[in-house]
Amino acid sequence: MSDAIARAEAILRNRCGERVRTSFSLAPLTTFRIGGPAALFVAPDGKQDLLAASEAIRETDVPFLVLGKGSNVLVDDAGFSGLVLRLGRGYRWSARDGERLMAGGAMPLPALAGVALNEALSGLEFGIAIPGSVGGAIRMNAGAHGSDIAAVVEAVSVFDLSAGTERTIPVVEAGFRYRNTDLPADSVVVAATVRLRPDAVSEIRARMDEIREWRRRTQPVAEANCGSVFKNPPNDSAGRLIDAAGLKGFAVGGASVSRKHANFVIAGPGATAADVRSLIRHVRETVAARTGIRLEPEVYLVGDLDPASR
């Protein structure tokens, strides 16, 4: 254990007690279900826990990572030699104010889409197909089926781990763009407000059912994967390019390109993060050699991963 990690653990234990975990397995917290442990892990349930994490980070410079539902994450087999924060139950909530829904950063996006349905509010139907948290979805501007978070979000509340302060950022200052934002890297998305529009529950439900059926028919939902591996290049589809390169079914170790959708990588029995990393690199190199287009990964790589995979 490094000195920074030991000192960070001491600070966190003083404030959070036995809720601080060491050598904590991250694999079950990701949809790939692979990867090594975090040196330190805490699930903050409120501002006091985030203040403790802020103090530990500022006092020790320990590396840190904020993890959502883990649906777009690949954790290295060696794990993460720092502090991992994953918002706890205190940040899983929602409330309505007219045509607005407010939600905590740990609220699953499909669950918030379900709240919108129950409240007869339209605009979040696409969220039923994205297995991430509100915080993670905002951080990467998650989207599907012709819409994204940027289309509905009105304000974002973040906790700045470097300063130990919380503030609300208007959407115009968040820098939303395709699968990215300008939100500070050292901040945690603790809440957000989305503005929706009234509609008939039957119409909202029909759109959600259509999205669920499309996803079931076209994506490997029953197999361990991280969602789309690559961003779509301008005016094209990553899945189409990978399929055209003849890579459907191509495997490295226990990892393989889905035969159902080429922009999905399946972590089969015995798969390692190294297998997935090597497969991502092979797909990028093959598509680049064939088309001149170098696909950009959408999956976030955690740990000491080969830069060539990025």
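So here's what we get for this one:
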| quantity | calculated |
| --- | --- |
| Segment residue 222-residue 185, extension gain: residue separation times 0.36 nm, minus the distance between their alpha carbons | 10.1 nm |
| Helical segments meeting 18 Å axial Cα length and Kyte-Doolittle -1.0 threshold in the chain (DSSP H) | 3-16, 47-60, 273-291 |
| Inverse mean reciprocal Cα-Cα distance (Kirkwood Rh) of the chain, Å | 20.2 |
| Computed E for residue 165/residue 10 - FRET, C-beta separation, R0 30 angstrom, nearest 0.05 | 0.80 |
| Kirkwood-based shape ratio for region 138-296, expressed as Rg/Rh from alpha carbons | 1.03 |
| Semi-axes of the equivalent ellipsoid for region 2-65, Cα gyration tensor, largest first, Å | 21, 14, 10 |
| Theoretical ellipticity at 222 nm over the chain - DSSP helices of four or more residues, -39500 (n - 2.57) apiece, nearest 500 | -9000 deg cm²/dmol |
| Where the Cα pairs of region 47-96 fall when distances are cut into 10 Å bins, in % | 20, 45, 29, 6, 0 |
| Debye intensity ratio in log₁₀ form over the Cα atoms of region 24-135, taken at each q of 0.21 Å⁻¹ | -1.09 |
| Volume per residue of the C-alpha convex hull in region 64-221, rounded to whole Å³ | 117 |
| Relative contact order (%) - criterion: Cα under 8 Å, at least six apart; region: region 131-231 | 27 |
| Low-density loop positions, chymotrypsin sites (Phe, Trp or Tyr not before Pro), region 144-231 - DSSP coil, at most 16 other Cβ in 10 Å | 178 |
| Within region 130-160, backbone nitrogen closer than 14 Å to the virtual label 7 Å beyond the Cα of residue 231 toward Cβ | 139-143 |
| Mean-position separation - Cα centroids, region 190-249 and region 45-103, in angstrom | 25 |
| Exposure ranking of 260, 69, 231 by accessible area [1.4 Å probe, largest first] | 260, 69, 231 |
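The values are calculated or read from the model by the stated rules, or taken from the named source; none is laboratory data. It should be emphasised that the depicted structure is a prediction, and the values quoted were computed from it without experimental measurement. Quick reminder, even Gly has a Cβ in these numbers, built from the backbone with ideal geometry, and neighbours come from all protein chains shown. Remember, those area values only see protein heavy atoms, side chains included, never the ligands or the DNA or RNA. Shrake-Rupley method; radii C 1.70, N 1.55, O 1.52, S 1.80 Å.
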